[in-house]
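> Below: one structure in structure tokens.
The values are calculated or read from the model by the stated rules, or taken from the named source; none is laboratory data. Just so we're clear, the structure is a prediction, and the values are computed from it rather than from any experiment. Here Cβ is always computed from backbone atoms with ideal geometry, including for glycine, and neighbour counts include all displayed protein chains. In case anyone asks, the SASA skips ligands and DNA or RNA and just uses the protein heavy atoms, side chains included. Shrake-Rupley method; radii C 1.70, N 1.55, O 1.52, S 1.80 Å.
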Amino acid sequence: MNKKKFSIVTFGCQMNVHDSEKMAGVLQEQGYSFSCDPKDSDLIIFNTCSIREKAEQKFFSELGRIKTLKKKRPGLKIAVAGCIAQQGSDEILRRAPYVDFVFGPQNIALLGDLVKGSRTIATEDNPEIAEIDLPVRRTGTGRAWVTIMYGCNNFCSYCIVPYTRGRERSRPSSNILREVRGLAEEGFREVTLLGQNVNSYRSDLDFAELLRAVNLIKGIERVRFVTSHPRDLSDELIEAIRDSEKVCEQIHLPLQSGSDRILGLMNRRYSYDDYRRKIDSLRNNIGGISITTDIISGFPGEMSEDHDLTISALREICFDGIFAFKFSPRRGTRAALMENGLSDDVGSRRLSEVLAVQEAITERINKGLESSIMEILVEGVSETDREMLSGRTRTNKIVNFKAEGLSIGDLITVRILKSGKHSLIGEVV
Ligand code: 5AD
Ligand code: SF4
């Protein structure tokens with residue numbers, strides 16, 4: 001008998017990408033086989049994201065499109081997972097009655113039951129999530145993701161994550177270290193430790209201690225982590241990054257706004273000055289560290305003075321790169337109820353300015369890397385030019401280069417020939 005095939009369409013963040021790897025792992029255990037073509041599958045799972053309205057719209061239009069496929073092949077099963085599923089299972093089943101089952105990010109372990117048809121909705125809170133280790137079908141090339149904690153307790157006023165992923169729960173360090181050792185044995189050279197707020201990881205170890213322990217694992221050459229909350233970035237953690245030679249000189253540290261008034265409304269619990277001091281300490285302790293951030297433009301009540309403070313923060317700090325978004329009200333969050341007073345236009349205009357100011361900074365920083373020598377982990381064929389290979393520096397910059405006889409996971413040295421906005425061109429030395 002032919003094995004049943006599944007495919008997964010993933011929206012959103014790295015956490016979702018890794019959740020999809022776990023869903024695939026569970027399905028393989030159930031005797032399903034992976035297919036990269038949804039049209040050729042017996043089960044299609046949409047792993048959804050609800051962080052901003054745009055992501056939600058994208059999913060609902062895809063879901064509408066799949067209806068015709070289901071009509072043609074009534075045996076096809078369609079499932080919705082992820083953050084939209086967690087918050088809106090009833091709405092999904094009402095808008096798309098052809099959906100067979102819906103489950104949230106805390107209930108991937110139940111996928112085996114769900115495919116057997118024993119229930120249609122699994123969105124309950126799962127306090128045991130951090131104790132359960134699911135099988136993972138890895139898709140990364142040379143590098144692997146490892147969840148260290150689930151959920152978030154911060155309740156930033158704009159953010160839906162604490163409502164979809166639940167309370168913070170840290171995995172036991174022994175389970176994490178066992179997983180990383182296994183990855184090293186499988187040939188992975190790089191691991192990224194994942195959590196909504198890794199700095200508040202706490203089991204028998206805190207995050208700084210966990211990093212030092214991962215650093216000792218033989219076979220792993222590079223360690224990264226996302227995402228950090230500025231308030232929880234301790235001196236101990238900065239020292240652990242500095243002392244651990246495998247922990248890369250790179251951090252993603254979301255600022256969100258340069259205005260203390262807006263940071264207060266966002267419930268971020270740090271001031272711009274606090275943030276600035278952490279950046280100074282990171283740069284003083286960790287030579288060549290690359291720093292990226294997230295910015296939200298057009299938060300409710302943002303005045304042009306607040307926006308100007310964000311622009312001057314970008315100029316002062318000189319991030320290596322940023323992700324910037326226009327504020328998107330999310331149902332159930334506090335910010336969705338705040339008096340806005342901003343037209344859509346103003347938000348868009350401010351976002352464009354933020355992006356333009358940063359683009360010039362990123363270009364200048366990347367230009368400064370030309371003719372430098374850097375270590376690259378080979379990840380595979382470049383997405384932009386199939387004739388080239390692609391890899392990342394320890395500082396997480398993408399470098400494309402021509403070479404033969406290399407394999408995924410090789411660590412090589414390149415000279416940077418040319419810089420661009422989003423990537424660098426190098427030659428093997
Ligand atoms: N609107 C706009 N951006 C948001 N983010 C989170 N919630 C929202 C929202 N409601 C951004 C933040 C966060 C990143 C992952 O997404 O900048 O750091
Ligand atoms: Fe959302 Fe804030 Fe938690 Fe990040 S720290 S997931 S922005 S609530």
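> For THR192, enumerate residues with amide H under 5 Å from its amide H, sequence gap 5+ or separate chain, H modeled in the peptide plane.
ALA144, TRP145, VAL146, ARG224
> Under 26 Å Cα-Cα from LYS58, which lysines qualify once same-chain neighbours fewer than 8 residues away are excluded?
LYS5, LYS22, LYS39, LYS67, LYS70, LYS71, LYS72, LYS77, LYS326
> Pull up all non-local amide H partners of ALA324: gap of 5 or more, or a different chain, and H-to-H distance under 5 Å with H placed in the peptide plane.
HN-HN under 5 Å from ALA324: ILE295.
> Need one word for segment 99-226: rounded, prolate or oblate. Basis is the Cα gyration tensor (sqrt eigenvalues a ≥ b ≥ c); a/c below 1.5 gives rounded, then a/b vs b/c decides. Let's see the in-between values first.
Working: a/c = 2.18, a/b = 1.40, b/c = 1.56.
Taking the square roots of the gyration eigenvalues as a ≥ b ≥ c, segment 99-226 is oblate.
> Roughly speaking, what is the centre-to-centre gap between segment 56-103 and segment 277-334 when only Cα atoms are used, to the nearest Å?
So the separation of the two Cα centres works out to 35 Å.
> For segment 1-18 and segment 352-429, compute the distance between their C-alpha centroids and round to whole Å.
29 Å
> Related question: Return the FRET efficiency for the residue pair ARG94, VAL9: r is the Cβ-Cβ distance, R0 is 25 Å, and the value is rounded to the nearest 0.05.
0.75
> Suppose every Lys and Arg Cβ carries +1 and every Asp and Glu Cβ carries -1, with no other charges. What dipole size does the chain come out with about its Cα centre, to the nearest 20 debye?
Working: 61 positive and 60 negative charges, 281 e Å.
The dipole of the chain has a size of about 1340 debye.
> Work out the charge dipole of the chain with +1 on the Cβ of Lys and Arg and -1 on the Cβ of Asp and Glu about the Cα centre, then indicate which of TYR98, LEU110, GLN86 is farthest towards its positive end.
The residue sitting farthest along the positive end of the dipole is TYR98.
> Another one. Per-residue HN-Hα couplings for segment 74-81, Karplus 6.51 cos²θ - 1.76 cosθ + 1.60 at θ = phi - 60°, whole Hz, x for Gly and Pro?
x, x, 5, 9, 10, 10, 10, 10
> To continue, here is another question. For segment 376-429, which whole-number percentage of the solvent-accessible area (1.4 Å probe, protein heavy atoms only) is attributable to carbon and sulfur atoms? If you can, show how the numbers build up before the last one.
On the way: 1350 of 2910 Å².
Carbon-and-sulfur percentage of accessible area, whole number: 46.
> Sticking with this one: Looking at PRO329, ASN153, SER352, which one has the Cα that reaches farthest to the positive end of the dipole of the chain (charges on Cβ: Lys, Arg +1; Asp, Glu -1)?
Highest projection toward the positive end goes to PRO329.
> Assuming R0 = 35 Å, what is the FRET efficiency of GLU305 and LYS39, from their Cβ-Cβ distance, to the nearest 0.05?
0.10
> Let a ≥ b ≥ c be the square roots of the eigenvalues of the Cα gyration tensor of segment 373-428; is it rounded (a/c under 1.5), or, if not, prolate (a/b larger than b/c) or oblate?
rounded
> Let me test this: with uniform point scatterers at the alpha carbons of the chain, what is the Debye-based log₁₀ I(q)/I(0) at q = 0.07, 0.14 1/Å?
Debye curve over Cα of the chain, log10 I(q)/I(0) at q = 0.07, 0.14 Å⁻¹: -0.36, -1.49.
> Listed highest first by mean packing, meaning other Cβ atoms within 10 Å per residue, what order do 212-219, 323-330, 289-296 come in?
289-296, 323-330, 212-219
> Sort GLU245, GLU302 from largest to smallest accessible area, using a 1.4 Å probe on the heavy atoms of the protein chains.
The residues order as GLU245, GLU302, largest area first.
> Give me the percent of DSSP beta bridges within the chain that run antiparallel, rounded to the nearest 5.
35 percent
> Now for a different question. Near the amide H of VAL80, under 5 Å away, which other amide H atoms are found, from residues 5 or more places off or on another chain, if H is placed in the peptide plane?
PHE46, PHE101, VAL102, PHE103
> Further question: By the gyration tensor of its Cα atoms, with a ≥ b ≥ c the square roots of the eigenvalues, what is the shape of segment 5-122: rounded for a/c under 1.5, prolate for a/b over b/c, or oblate? Let's see the in-between values first.
Details: a/c = 1.32, a/b = 1.09, b/c = 1.21.
Since a/c stays below 1.5, the shape of segment 5-122 is classed as rounded.
> May I pose another question? In the chain, what cysteines have no partner Cβ closer than 4.7 Å?
By the Cβ distance rule, which asks for a partner under 4.7 Å, the isolated cysteines are CYS13, CYS36, CYS49, CYS83, CYS152, CYS248, CYS318.
> To check you understand DSSP bridge types, tell me what percent of the beta bridges within segment 38-182 (both residues inside) are antiparallel, rounded to 5.
15 percent
> What does the accessible area per residue of segment 177-315 come to in Å², with a 1.4 Å probe and no ligands, DNA or RNA counted?
Roughly 38 Å² per residue, with all protein chains present.
> Each residue of segment 341-353 in order: what ³J(HN,Hα) in whole Hz does its phi give by Karplus 6.51 cos²θ - 1.76 cosθ + 1.60, θ = phi - 60°, with x for Gly and Pro?
x, 9, 7, 4, 4, 4, x, 5, 5, 5, 4, 4, 5
> Using the Karplus curve 6.51 cos²θ - 1.76 cosθ + 1.60 with θ = phi - 60°, what ³J(HN,Hα) values do you get for each residue of segment 166-173, in whole Hz, with x for Gly and Pro?
x, 6, 5, 9, 9, 6, x, 4
> Once fully extended, how much extra length lies between LYS54 and LEU355, figured as 0.36 nm per residue of separation less the alpha-carbon to alpha-carbon distance?
106.6 nm
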